[in-house]
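Chemist: One structure, as structure tokens, below. Some questions next.
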Amino acid sequence: QVQLVESGGGLVQAGGSLRLSCAASRNIFTLSVMGWYRQCPGKQRELVATFTSGALTNYADSLKGRFTISRSIAKDTVYLQMNNLKPEDTAMYYCYAEYQSDDYWGHGTQVTVSS
């Protein structure tokens, strides 16, 4: 079992920045994948960025350059730094982990970008 707790969402103006955090309940080295997805209003959940197979990162092409995923091994936490936010980044952001072939999701944190 893996519990994931997100924090850091909120309301920000276009062009601003936010950093999301996701704390895992177990050593993140034991997780095959850990990272972020989002669900924009009226759309399906989509990949934002993940760590896979250790330190390899995978980003949605459309978000490269503005979003950066990082992690703290000591804190079992993954971060998502989001810069130059746009209204279309408004979404519920979910932390995700894969552990022993099972999928785990956090409850999500809302990010709202005003124009």
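Chemist: Gain in length, S53 to R66, computed as 0.36 nm per residue apart minus the alpha-carbon separation, to one decimal in nm?
Modeler: On the way: separation 13, 0.36 × 13 = 4.68 nm, distance 2.31 nm.
Taking S53 through R66 to full extension adds about 2.4 nm, to one decimal.
Chemist: Equivalent-ellipsoid semi-axes (√(5λ), Cα gyration tensor) for segment 36-87, whole Å, largest first? It would help to have the intermediate numbers written out before the result.
Modeler: Details: eigenvalues 86, 31, 24 Å².
Listed largest to smallest, the semi-axes of segment 36-87 are 21, 12, 11 Å.
Chemist: Express in % the proportion of alpha carbon pairs of the chain at distances exceeding 21 Å. Intermediate results must be reported in sequence, preceding the final value.
Modeler: Values: 1947 of 6555 pairs.
The share of Cα pairs beyond 21 Å in the chain comes to 30 percent.
Chemist: Taking the chain as a whole, which cysteines find no other cysteine Cβ under 4.7 angstrom from their Cβ?
Modeler: If one checks each Cβ against the other cysteines of the chain, C40 turn up with nothing under 4.7 Å.
Chemist: Express as a percent, rounded to the nearest 5, the fraction of DSSP beta bridges in the chain (both residues included) that run antiparallel. Can you show the working numbers first?
Modeler: On the way: 40 of 45 bridges.
Beta bridges within the chain, antiparallel portion: roughly 90 percent.
Chemist: OK, next. For the chain, which whole percent of the accessible surface, found with a 1.4 angstrom probe, sits on carbon and sulfur atoms?
Modeler: C and S fraction of accessible area: 46 percent.
Chemist: Straight-line reach from K86: which lysines have a Cα under 27 Å away, not including same-chain ones fewer than 8 places off?
Modeler: Cα-Cα hits under 27 Å: K43, K64.
Chemist: Accessible area per residue, 1.4 Å probe, Å², for the chain: what's the number? Could you put the intermediate results ahead of the total?
Modeler: Details: 6020 Å² over 115 residues.
Accessible surface, normalised per residue, equals 52 Å².
The values are calculated or read from the model by the stated rules, or taken from the named source; none is laboratory data. Note that the structure is predicted; figures quoted are calculated from it, not measured. Reconstructed Cβ throughout: ideal geometry from the backbone, glycine too, with neighbour counts over all protein chains shown. For accessibility, only protein heavy atoms count, side chains too; no ligands or nucleic acids. Shrake-Rupley method; radii C 1.70, N 1.55, O 1.52, S 1.80 Å.
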